[in-house]
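Here's the structure we're looking at; comments come further down.
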Amino acid sequence: MASDALTESAMLDSLEPRWVKEGYRVIRRPKPHELPAFLQGFQPDAIAIGSQPSLLIEILRHRGRSGDTKVRQLQGLLAGHPEWRLEVVYAAQEGVAVAPTTEAEVRAALDEARRVAEVAPRSALLLAWSIFEAVARRLEPDLAARSLSPGSLIDVMISTGRLPQTEAHFLREMAGGRNAAAHGLLDYRPTEGDVDRLIDLSEALSREQTALA
């Protein structure tokens, strides 16, 4: 549909400068000869090549079961191909803007997350990840108009130098835990220490944003 195409194009317009800065060349709706053999027969929204890993880019209009199914299918296509990474971007709903949080709101949420972590680490993890994303949006204003998958959000924070590469593995573990808790895995139990570490990272990013203000 035309509105879908417009949303996809707008999202790619907002993202392409960052990928280009990282050394990529973005190819929208690539033709078959521009795709590797294992992606033949599939039409990506875009790919980005020229840096490592290459990116398979998929724009989804909203989160939901159909989107989750598509993401799993794409992850299956990339299985065994570490030279490629899936980059999923969730487009914000039309007319809905993600308002930036204030420093006071972030501070209050950080304090709340620490209190909750003492008695309910799983609930605290969901709040802590929400804070992490809110702080990331404050640091990177272009994120305010779109919703990133947890993995893509981590990539932005690492690739821009906001967080060191050494934190990538921990953050991906926390992202997996956040997804498990959010989607009904009731026996998932993060440790209070892990949640506190995520809160500490968000607090460090918040201090950086305050220093830049």
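The values are calculated or read from the model by the stated rules, or taken from the named source; none is laboratory data. Quick caveat, the model's predicted, so the values are computed rather than measured. With ideal geometry, Cβ positions are generated from the backbone for all residues, glycine too; neighbour counts draw on all protein chains shown.
Of note:
- Close Cβ contacts (under 6 Å, 6 or more residues apart or on different chains) running from residues in region 154-176 that are in the same structural domain as residue 189 (by TED's automatic domain parsing) to residues that are surrounded by fewer than 18 Cβ atoms within 10 Å (Cβ to Cβ) and among the hydroxyl-bearing types (Ser, Thr, Tyr) are absent.
- Any hit, region 174-190, residues being modelled with pLDDT of 85 or more, part of a loop (DSSP other than H, G, I, E, B), hydroxyl-bearing (Ser, Thr, Tyr) and under 15 Å from residue 120 (Cβ atoms): no
- Test for residue 98: is it at pLDDT below 90, outside any helix (DSSP H, G or I) and not assigned by TED's automatic domain parsing to the domain that holds residue 41: yes
Residue-by-condition table, conditions (1) assigned to a helix (DSSP H, G or I); (2) modelled with pLDDT under 85:
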| residue | (1), (2) |
| --- | --- |
| 23 | no, no |
| 27 | no, no |
| 38 | yes, no |
| 44 | no, no |
| 47 | no, no |
| 56 | no, no |
| 68 | yes, yes |
| 71 | yes, yes |
| 80 | no, no |
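- Condition met for residue 155 (buried (at least 17 other Cβ atoms within 10 Å of the Cβ), acidic (Asp, Glu) and either closer than 21 Å to residue 71 by Cα or at pLDDT below 85 (or both)): yes
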